[in-house]
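Working notes for the structure below.
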Amino acid sequence: MNQNPADWPEDGPIDLSIHDLPHGSATTEWWYTNGHCVVEGNRRFSCFAAFFRKVQGYHPVTRAPRYAHSITWAIHDVDGKRSTFVSRVDQSAAREGLRRLKSGMGARDERLNRALTEILDRGVVPKPDLVFDGKVSVSLQSLDLEFAGDVFRKNKDGSYNLKLYDKQRALGCDLTLQPKKTPIRHGDNGVVRGSEDESMFYYFIPRCEVTGTLTHKGTTRPLVQGQGWYDHEFGVGVVDDPNPEAEAALGAEECKKLQLDRRARWDARQVGWNWISAQLEDGSELTYYPEQYVYSGESVGDHALTISPNGEVQHWQGAKFEPLEWWQSSQTFVEYPIRWRLQIPDAGLDLDVRASFKDQEVMTLIAKNSFYEGRVEVTGTRRGAAISGVGFVERSGLGLTEDLDGFFEQVGKLVRRSVQDLMPKEPSFDQAAYLLTSKDKLHYMDGVDLQQYARAHLHPIREIVDRGGKGWRSYAMNTCIDVVGGDSRDFVDWIAVPELMQTGSLIVDDVEDKSTVRRGGPAAHMIYGEPQAINSGTAAFFIGAPVLRNGKLSDRQLVKLYEVYFDGLRAGHAGQALDLDGFIPLMQSTVDDASLAPALVSRVLAVHRLKTGAPAGCLARIGALAGGGTDEQLEALGRFFEDIGLAFQIVDDVLNLRGFKGNWKAYGEDIAHGKITLPVARGMLRLDATGRKWLYETLRSKPQDRETIGRVIDTLEECGAIEECAVQARSLVEEGWAKVAPLVPDSIAKMMLRAFGWYVIERHY
């Protein structure tokens with residue numbers, strides 16, 4: 001191991017008195033522990049904690065390292081199936097984060113970087129990451145870490161003390177971990193790869209006896225049984241220490257090239273992993289640590305170890321860790337495996353590994369990207385004999401979405417899955433009854449043929465939902481719960497409702513508009529006939545009503561919710577009525593009387609606002625209501641999403657003339673259909689009498705040739721009508737956000753909402 005730093009362990013046993021200490025050579029270092037506990041009353045909990053320090057840069061003269069510190073911990077209420085996590089970072093985190101963003105080391109989507117910059121520029125770290133509210137100290141003479149009240153230290157008897165507490169959540173623990181086995185090297189004689197391809201030394205203690213107390217919801221209980229794991233990693237890697245000011249002096253092009261080169265090197269270093277530690281009831285343990293480069297998928301390590309009850313360590317090749325079931329977060333929309341099959345053939349192991357409950361995601365941004373750290377139940381066989389135990393699985397760096405297009409693809413996936421769960425194509429009696437009636441009226445189900453009910457009522461809705469869509473209306477409601485400080489995990493079932501609302505309007509609109517195509521396939525009425533389509537489309541508006549009767553809402557909130565929901569429906573239907581009636585008479589009059597053009601613009605905007613803006617606003621208000629938002633927050637978010645909905649339709653009108661990315665809609669389709677869109681209305685405001693007459697007559701003829709369509713587009717572009725629409729869309733979003741921003745706390749949800757506004761007005765689909 002001569003190629004490694006001098007303060008790394010030499011071959012042979014790990015000397016904990018030395019190697020538990022911080023390592024001066026390390027650019028990345030962490031101390032990690034997890035535990036499984038039973039408290040008085042036989043309630044089960046699991047917990048983990050990771051104390052990090054990382055070299056952020058060096059003093060320009062002395063070259064002394066500048067460290068960043070963070071801690072991430074969580075307590076999993078196994079029986080209550082709820083995980084609560086804490087993530088805290090240095091006071092300097094906002095400044096350092098901003099420095100990295102300005103040096104080109106942010107997200108791949110610039111809109112996300114812009115949104116985060118707005119928060120960091122004010123010296124704020126977005127929640128759920130929190131800034132340390134006290135001293136952070138790392139002793140160099142003993143293992144004694146104190147991160148603003150959270151403590152991990154080594155006792156004189158060789159045990160470890162872990163103290164965690166979060167006052168706001170009334171959550172924490174005071175645990176002693178007494179090692180029961182000697183430390184073991186992981187990886188290749190102790191060497192693995194870090195998250196940025198660092199060369200890391202890794203040792204662990206596979207089993208500790210855990211004693212002490214655990215505090216949950218303000219109640220402190222002593223442990224009656226506990227077992228845990230401890231590991232320490234430290235390594236040497238590349239330290240990017242950008243100087244944005246110096247780089248800016250290079251000139252824009254040279255600076256950009258430098259940043260792109262740095263980003264390419266950084267991307268090439270990114271390592272992700274699935275990791276498991278498990279303690280089995282027969283006194284043995286196992287761990288498996290497959291690592292891979294995030295972007296190439298190339299393996300960089302595959303380490304499987306088993307430890308016998310007497311401490312004998314064996315390394316194995318050929319292990320497989322196959323995901324069998326997946327769960328998708330309703331907050332980050334990242335998908336994580338929650339069940340695996342772990343096979344180590346040479347060890348005779350064939351194991352079923354299941355998350356004790358689904359949602360054990362740790363949502364962070366500044367400390368690190370969100371990841372999964374979950375308690376698992378392990379069952380299976382070893383050489384034919386049954387074995388079982390508990391453990392932790394960590395999935396880090398894999399499956400993350402780095403741009404908004406990918407993010408909304410993931411949103412759409414969860415939305416579709418939610419609708420499919422609520423409305424299966426082959427419903428059981430209970431599923432059909434839930435949709436059709438209420439518990440006290442089950443006699444309504446007498447004589448109902450479930451297959452007929454599904455075919456006639458549910459299938460037309462599923463036909464449209466299953467084809468895709470961005471699901472941004474569901475996102476609107478969901479994110480507004482979180483942005484006001486609520487927890488959208490309490491309302492995950494609601495995600496289907498906005499999509500049903502939108503699908504219902506699409507199905508009915510297609511009948512009314514005589515449209516034959518929807519989302520790349522035949523409109524619902526082309527398959528099921530107009531009567532069935534109308535009935536199913538209408539039903540979609542209220543079939544989700546039982547979902548909204550969530551027990552977490554008070555009666556007052558529920559009344560308000562229904563009031564807001566039906567406000568949106570009434571407005572949407574009024575907008576459709578006005579759209580169907582059309583603007584031809586007013587446009588014809590505008591040909592001769594230019595003073596009527598402002599009224600034409602106003603009426604087109606009214607339809608957009610009613611059809612799209614008002615329903616979006618109502619969903620945002622519902623989300624804010626569920627999240628416990630104030631009346632002021634409800635109104636500001638509602639108006640913001642009304643503006644977003646209006647901007648969405650304006651941008652749609654503009655894109656129809658300027659072109660869609662991927663050409664999934666025909667360029668100039670609105671002109672070929674003779675539609676009076678906002679650019680047309682603004683064109684009537686800007687053109688002279690001859691131009692107005694020509695535009696009116698051309699649209700009335702519904703031209704199909706590309707030359708005529710092109711002339712109309714050129715005319716609207718040259719007179720400035722199209723650009724004026726684009727400017728209006730941007731103004732709507734910015735003005736709406738200016739009213740929202742001061743009213744909601746800085747958080748990941750707020751950052752994503754800000755970026756979403758830009759996504760709507762800058763989209764190309």
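The values are calculated or read from the model by the stated rules, or taken from the named source; none is laboratory data. This one's a predicted model, so the numbers in the text were calculated from it and none came from an experiment. Positions of Cβ are backbone-derived with ideal geometry, glycine not excepted, and every protein chain shown enters the neighbour counts.
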* Would you say LYS181 is at pLDDT 95 or above, out of contact with any Ser or Thr (no Cβ under 7 Å at 6 or more places or on another chain) and basic (Lys, Arg)? -> yes
* Structure fact -> Result of the Cβ filter at 6 Å on segment 338-350, keeping first residues that are over 14 Å from ILE387 (Cβ atoms) and partners that are aromatic (Phe, Trp, Tyr) and part of a loop (DSSP other than H, G, I, E, B), at least 6 apart or interchain, is none
* Evaluate segment 560-567: report whether one residue or more is farther than 19 Å from GLY627 by Cα, more than 31 Å from the chain's Cα centre (by Cα) and charged (D, E, K, R). => no
* Somewhere in segment 423-439, is a residue surrounded by 13 or more Cβ atoms within 10 Å (Cβ to Cβ), under 22 Å from the mean Cα position of the chain (by Cα) and not hydrophobic (A, V, I, L, M, F, W, C)? -> no
* Within segment 131-151, is even one residue within 19 Å of SER370 (Cα to Cα) and under 20 Å from the mean Cα position of the chain (by Cα)? -> no
* Hey, SER308 out of contact with any Pro (no Cβ under 6 Å at 6 or more places or on another chain), surrounded by 21 or more Cβ atoms within 10 Å (Cβ to Cβ), at negative phi and modelled with pLDDT of 95 or more or not -> no
* Asked: Only one residue in VAL294, VAL238, VAL300 is buried (at least 18 other Cβ atoms within 10 Å of the Cβ) and of a type in the set (A, V, I, L, M, F, W, C), so which one is that?
  -> VAL294
* Residues located in segment 460-488, provided they are over 29 Å from ASP510 (Cβ atoms) and either assigned by TED's automatic domain parsing to the domain that holds ILE622 or among the charged types (D, E, K, R) (or both) -> ASP482, ASP487
* Can you pull out the residues in segment 9-55 that are farther than 30 Å from ARG100 by Cα and hydrophobic (A, V, I, L, M, F, W, C)? -> ILE14, LEU16, ILE18, CYS37, VAL38, VAL39, PHE45, CYS47
* Asked: Any chance segment 84-97 includes a residue that's hydroxyl-bearing (Ser, Thr, Tyr) and at pLDDT 95 or above?
  -> yes
* Of the numbered conditions (1) among the β-branched types (Val, Ile, Thr); (2) at pLDDT 95 or above; (3) within 30 Å of GLU632 (Cα to Cα), VAL492 fails exactly one; give the number of that condition. => (2)
* Could you check how many residues of segment 240-295 are assigned by TED's automatic domain parsing to the domain that holds THR28, of a type in the set (Asp, Glu) and more than 31 Å from the chain's Cα centre (by Cα)? => 3
* To do: Within segment 260-281, track down each residue that is over 30 Å from GLY226 (Cβ atoms) and of a type in the set (Asp, Glu).
  => ASP261, ASP267
* Asked: What tally of residues in segment 584-599 results from selecting those that are closer than 11 Å to TYR696 by Cα, surrounded by 20 or more Cβ atoms within 10 Å (Cβ to Cβ) and within 47 Å of the chain's Cα centre (by Cα)?
  -> 1
* Asked: Taking the condition out of contact with any helix residue (DSSP H, G or I) (no Cβ under 6 Å at 6 or more places or on another chain) and either in the same structural domain as ASN535 (by TED's automatic domain parsing) or modelled with pLDDT under 95 (or both), does LEU450 pass?
  -> no
* Test set (1) free of Cβ contacts under 8 Å to residues at least 40 places away in the same chain; (2) buried (at least 18 other Cβ atoms within 10 Å of the Cβ); (3) not hydrophobic (A, V, I, L, M, F, W, C) - SER277 fails condition number -> (1)
* Please state which one of LYS154, LYS181, LYS127 is among the charged types (D, E, K, R), outside the structural domain of GLU312 (by TED's automatic domain parsing) and surrounded by 17 or more Cβ atoms within 10 Å (Cβ to Cβ). => LYS127
* ALA540 outside the structural domain of GLY638 (by TED's automatic domain parsing), touching a residue at least 60 places away in the same chain (Cβ under 8 Å), over 21 Å from LEU625 (Cβ atoms) and within 27 Å of the chain's Cα centre (by Cα) -> yes
* Structure fact -> Of the conditions (1) among the hydrophobic types (A, V, I, L, M, F, W, C); (2) surrounded by fewer than 22 Cβ atoms within 10 Å (Cβ to Cβ); (3) in contact with a Cys (Cβ under 9 Å, 6 or more places away or on another chain), the single one that LEU753 does not satisfy is (2)
* Structure fact -> Of the candidates THR28, THR62, the one satisfying the condition of being modelled with pLDDT of 95 or more and either in contact with a Gly (Cβ under 8 Å, 6 or more places away or on another chain) or among the polar types (S, T, N, Q) (or both) is THR28
* Asked: In segment 37-51, how many residues are hydrophobic (A, V, I, L, M, F, W, C) and either more than 27 Å from VAL138 (Cβ to Cβ) or touching a Lys or Arg at 6+ places or on another chain (Cβ under 8 Å) (or both)?
  -> 4
* **Yes/no for ARG207 being among the basic types (Lys, Arg) and part of a strand (DSSP E or B)** => yes
* Asked: Listed residues VAL55, VAL38, VAL61; which is assigned by TED's automatic domain parsing to the domain that holds ALA148 and under 29 Å from LYS167 (Cα atoms)?
  -> VAL38
